[in-house]
1. Scan segment 276-299 residue by residue and report those that are surrounded by 14 or more Cβ atoms within 10 Å (Cβ to Cβ) and without any contact (Cβ under 8 Å) to a residue 40 or more places away in the chain.
2. Pairs please, first residue from segment 182-205 and more than 15 Å from residue 172 (Cβ to Cβ), second anywhere and of a type outside the set (A, V, I, L, M) and part of a helix (DSSP H, G or I), Cβ atoms under 7 Å, 6+ apart in sequence or on different chains.
3. Could you say whether any residue in segment 135-142 is buried (at least 20 other Cβ atoms within 10 Å of the Cβ) and closer than 30 Å to residue 220 by Cβ?
4. Report, by residue number, each residue of segment 164-187 that is in a helix (DSSP H, G or I), within 21 Å of residue 205 (Cβ to Cβ) and of a type outside the set (Phe, Trp, Tyr).
5. Considering only segment 48-65, I want to know if a residue exists there that is outside any strand (DSSP E or B) and closer than 19 Å to residue 113 by Cβ.
6. What number goes with the only condition from (1) in a loop (DSSP other than H, G, I, E, B); (2) assigned by TED's automatic domain parsing to the domain that holds residue 241 that residue 353 does not pass?
7. Which of the residues belonging to segment 231-252 are surrounded by fewer than 20 Cβ atoms within 10 Å (Cβ to Cβ) and not polar (S, T, N, Q)?
8. Do we have any residue at all in segment 304-325 that's within 25 Å of the chain's Cα centre (by Cα), closer than 28 Å to residue 145 by Cβ, loosely packed, with under 14 Cβ neighbours inside 10 Å and in contact (Cβ under 8 Å) with a residue 24 or more places away in the chain?
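The values are calculated or read from the model by the stated rules, or taken from the named source; none is laboratory data. Source: prediction; values computed, not measured. We place every Cβ from the backbone using ideal geometry, glycine too, and count neighbours over all the protein chains shown.
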Amino acid sequence: MDKIKNSKLDCTGQPVYVGLDVHKKSWSVSVFSRYGEYKSFTQPPQVDTLVSYLKRHFPGGEYHSVYEAGYCGFWIHDQLKERGINCTVVNPADVPTKQKEEQHKRDRVDCRKLARGLCNGEMEGIYVPSRQMREDRTLVRTRQALVKKRTRCKNQIKGMLSFYGIHLTDEQTFAPWSERFIKWIESIRMERDSGNTALKAHLEELAYLRQLIATVNRAILKLAGSAEYATPVKVLKSAPGISTLTAMILLTELCDMARFASLDSLCNYVGLIPAIKRSGETEYVRGITPRRNAHLRWILIEAAWVAVRKDPALMMAFTEYCKRMRKNRAIVKIARKLLNRIRYILKHQTPYVPCIAK
């Protein structure tokens, strides 16, 4: 019998497309070539395992991978890039999906459609910030999360007091909680030790959250004064309605203003555009789009309410808008104008000059 000599496998220059459906305990992987699906399998959640498989089965190939943005963040993207594998991170809502794939959703189906979409050139990746920018963003977002927890804790205290007939005035309910007001709540005594213990637990949680928020605030202020952020924070604060915290939210969420080709693309990212559905000659406008960067849209709306009280031009525009629409719709238009000013400030690194009414 003649001996069959195996020729050395060489995939130099051939594109290899890899779709990843990532989970905490395992990854579903689908590998496509330009001729179609090669193989789908499950592997441990390790980048080295995937890289070893690709180099063993497709030596010299041009590797392209894709996975959906989610809980795992961008560490997979970073490690694949370090190992020479091109990686695209996509918004799950932008993945082309057939109806039968929606009806029979499984991990293997998900990784296959990711690989297929990448092979067909249908995947548009999202912007991946640097590791340093992601950590700075995490600090600012942590403060926002702590503030929400503090608000929930306050509501629990107010709910407990109301449950036992201790009603607060409107001023006490909506005004910021001063040290004097907190001490007044601490002086309240329930009829039993169990009630006192419950109230004390809420108050101790509130005190702990206040301390944590103060610590994070100091860290954000220190970061805002660093060489990387000092100049953009200073010029942003020249705009009406922009504080140091607002400036840091804008800078850590936007990252690089140059990635937005126009004001429309920036407003689309923030979520300051209408949700429009058009068919033939019929058009439906369903208010503001639900797709947004929640951190940015919220802070810009809040800043817009402050800006209309400080900037004469924005006040005039807001007044005109209110003549033909409700205030909550008018303020969205003001937020878009304010975002346009922020875009100019960051692109040119020049302070904002308000229009002075004559």
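1. Pass one, segment 276-299, residues surrounded by 14 or more Cβ atoms within 10 Å (Cβ to Cβ): 288-289, 292-293, 295-299.
Those that are surrounded by 14 or more Cβ atoms within 10 Å (Cβ to Cβ) and without any contact (Cβ under 8 Å) to a residue 40 or more places away in the chain: 289, 292, 297, 298.
2. 189/196; 190/196; 202/153; 202/156; 203/186; 205/153
3. Residues of segment 135-142 that are buried (at least 20 other Cβ atoms within 10 Å of the Cβ), as a first pass: 136, 140.
This time we only want the ones that are closer than 30 Å to residue 220 by Cβ, so: 136, 140.
Yes, there is a match, as at least one residue in segment 135-142 is buried (at least 20 other Cβ atoms within 10 Å of the Cβ) and closer than 30 Å to residue 220 by Cβ.
4. Matches in segment 164-187: 172, 173, 179, 180, 182, 183, 185, 186.
5. Of all residues in segment 48-65, those outside any strand (DSSP E or B) come to 48-61.
The next check asks that each one be closer than 19 Å to residue 113 by Cβ; those that pass are 50.
Yes; the residues of segment 48-65 include at least one that is outside any strand (DSSP E or B) and closer than 19 Å to residue 113 by Cβ.
6. (2)
7. First, the residues of segment 231-252 that are surrounded by fewer than 20 Cβ atoms within 10 Å (Cβ to Cβ): 231-232, 234-235, 237-238, 243-245.
Within segment 231-252, 232, 234, 235, 237, 245 meet the criteria.
8. Going through segment 304-325, the residues within 25 Å of the chain's Cα centre (by Cα) turn out to be 304-307.
This time we only want the ones that are closer than 28 Å to residue 145 by Cβ, so: 304-307.
Applying the additional criterion that residues be loosely packed, with under 14 Cβ neighbours inside 10 Å yields none.
Looking for residues that are within 25 Å of the chain's Cα centre (by Cα), closer than 28 Å to residue 145 by Cβ, loosely packed, with under 14 Cβ neighbours inside 10 Å and in contact (Cβ under 8 Å) with a residue 24 or more places away in the chain, one finds none in segment 304-325, hence no.
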